[in-house]
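Structure first, then comments.
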């Protein structure tokens, strides 16, 4: 295969763009400053298409596809901002808000939260669905950190960073649908986990206030995510 | 021609949104030139007028009295504005929802009470089983999130409505704050 054939040309929102064959639509869009919202995606972790915020339309397909896990193809025509997509994205975001107790005003991550910021960015001023108000646990058994399931959006960034970067795989997901929860080890209190190294990668990669450091009060939990890009870079140099 | 009328309502909330409204400072004079404030917790009118052009609602709907009140106000208001996170999402008042009414009352009046701990049975209106945002009870026309929405956002919303436009909040406010 020649280098030439590994370069694909496609259209995003009517613009001609070039991409490597192994790139996803999201990567190409970002390179070209085309905004596609994401929540579960983060550079340096395997994309999984869980949050569905990055859904795009592709000409010739009646299905909407997640841009973070869809690879480019020659001649592909992608639409990222149709009226239909904007509506679906807002509805998905509203469903996330209605599913658990996201009280921004009293959240440790108020002002630093990707969910809150995205709601503002895409103009979601209220939730059309009835709130579920589930009774969820807060596990503060770890010496340094807390997991508040009220704020979790099941993006599984914590699961992936713990497995792929730290190599501990303390986090996982248990249950299905509305009952799904992130768990530590064999669904036990975080403080009793034998695999957790207390590295705090999960805390800082978490997009909301679901994972936070003890002692942080409302608005105080700003996340520091630079470590991931740094580690990814250093590890790629080594190999 | 008479001026448009403006009302503000205080449901299950902390009055922070009203305080933020007052933070428009001297611009309230300009506002008073454009509209008549006919009903508000801060003025001495007890009954809601027959018809009001714009009503700002602060707070969630948490008890029977507020439920009846918001129904009444909706019927007598042309444009109803959910002002602040409690009205828009339920926010802090709704944090009792996962626990249920009785555990909440027990916690507040029995566990924390001293001298003669008892759950009130008269005068205090009965709590609804769930605290609800306003739009889950009656139709809402404009939503202004924020805890509280900043004064500039409230002034912007009112100015737009008084000019006959539906305001786009955009970057002016957000959930939390």
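Read-outs: derived from the displayed coordinates by stated rules, not from any lab. These numbers come from a predicted model, not from an experiment. Don't worry about glycine lacking a Cβ; one is built from the backbone with ideal geometry, like all the others, and counts go over all protein chains shown.
A compact table of results
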read-out: Full-stretch length increase - residue A:15, residue A:91 - with 0.36 nm per residue and alpha-carbon distance subtracted; value: 24.6 nm
read-out: Residues in region A:155-191 reached by a label modelled at residue A:216 [backbone nitrogen below 20 Å; 7 Å Cα→Cβ]; value: A:155-163, A:165-166, A:170-172, A:182-184, A:190-191
read-out: Inter-probe distance in nm under a simple model that places probes 7 Å from Cα toward Cβ, at residue B:115 and residue A:129; value: 4.7 nm
read-out: Per-residue [θ]222 nm for chain A (sum of -39500 (n - 2.57) over DSSP H runs n ≥ 4, rounded to 500); value: -6500 deg cm²/dmol
read-out: Region A:154-179 and region A:37-62: distance between their alpha carbon centers, rounded to Å; value: 18 Å
read-out: Degrees between helix B:64-75 axis and first principal axis of chain B (Cα, 0 to 90, nearest 10); value: 20 degrees
read-out: Prolate/oblate/rounded label for chain A (Cα gyration tensor, a/c 1.5); value: oblate
read-out: Order by protection proxy (mean Cβ within 10 Å, highest first), peptides A:108-117, A:62-71; value: A:108-117, A:62-71
read-out: Nearest-0.05 FRET efficiency for residue B:45 and residue B:2, computed from C-beta distance (R0 22 Å); value: 0.85
read-out: Degrees separating the helix A:226-238 axis from the principal Cα axis of chain A, which is the longest one; value: 60 degrees
read-out: Folded to 0 to 90 degrees: helix A:83-99 orientation relative to chain A principal axis, Cα; value: 10 degrees
read-out: Burial ordering of B:44, A:179, fewest other beta-carbon atoms within 10 Å first; value: B:44, A:179
read-out: Exposure proxy order (Cβ contacts within 10 Å, fewest to most) of A:126, B:76; value: B:76, A:126
read-out: Inter-part distance where region B:91-142 and region A:192-239 are each reduced to a Cα centre, Å; value: 37 Å
read-out: Added length on full extension, which subtracts the Cα-Cα distance from 0.36 nm per residue, residue A:62 to residue A:200; value: 45.5 nm
read-out: The protein assembly as shown: projected area of the alpha-carbon convex hull, averaged over directions, in nm²; value: 26.7 nm²
